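Novice: Here it is, the structure in full.
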Amino acid sequence: MGRYLKPVVQGVLALSLFLSFSTASAEMTVITKDGRKFTLPVDSGEIKRIEYADGQSQTRGNEVAGTWNWVAGQTLVARENGSLDVFDASGNKINDGRWELLDAVARRYRFTHRVGGWVDTVVLSSDGRSLDGTNNHGHGIHGSKR
């Protein structure tokens, strides 16, 4: 090697070694039950948390389905299909809407009412018997399952 080429090659090798070790990279591999393999390159220095959903996380939302004693003496009926109805103390339907599971791990749900623009964000207790949270006006919400 010529006397000018040797320092250039050494510099390139040093730079490539520096770049190789300056970022911690890794691969995440997922192997499915039927043997399919998915590999994803990740920078391990950028990973904050790895979460796993057991495949039932969306259906797990059905834990909120049922009849609830709701605010102001009302009754909220959440159905497994994601719909909800609200009844006053006399049993008259006063609202309807949709519910959705926001976070399966935290058991957090959103109830969006069609009339009045009410949006309730609540957390289901670990025993599945109560809901607590706030509405879009910042007022506390509590419900207990019948």
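Every number here is computed from the coordinates shown, using simple stated rules; none is lab data. None of the values given here were measured: they were computed from a predicted structure. Cβ placement follows ideal geometry from the backbone for every residue including glycine, while neighbour counts extend to all protein chains displayed.
Novice: Could you pull the Rg and Dmax for the stretch 59-145, using just the Cα atoms, both in Å?
Specialist: Gyration radius and largest Cα-Cα distance of the stretch 59-145: 11.7, 36 Å.
Novice: Can you tell me the dipole magnitude for the stretch 59-145 around its Cα centre, using point charges on the Cβ only (Lys, Arg +1; Asp, Glu -1), in Debye to the nearest 20?
Specialist: With only Lys, Arg, Asp and Glu charged at Cβ, the dipole is about 80 debye.
Novice: Would you mind calculating the gained length between residue 27 and residue 89 on full extension (0.36 nm times residue separation, minus the Cα-Cα distance), in nm to one decimal?
Specialist: Additional length available on full extension: 16.6 nm.
Novice: Something else about it: Per 0.36 nm of contour for each residue apart, how much would the distance between residue 71 and residue 96 grow if the chain were fully extended, relative to their Cα-Cα spacing?
Specialist: Difference between extended and current length: 7.5 nm.
Novice: Can I ask one more? So, R0 is 22 Å and r is the distance between the beta-carbons of residue 81 and residue 112; what FRET efficiency does that work out to, to 0.05?
Specialist: Efficiency, from the Cβ-Cβ distance: 0.90.
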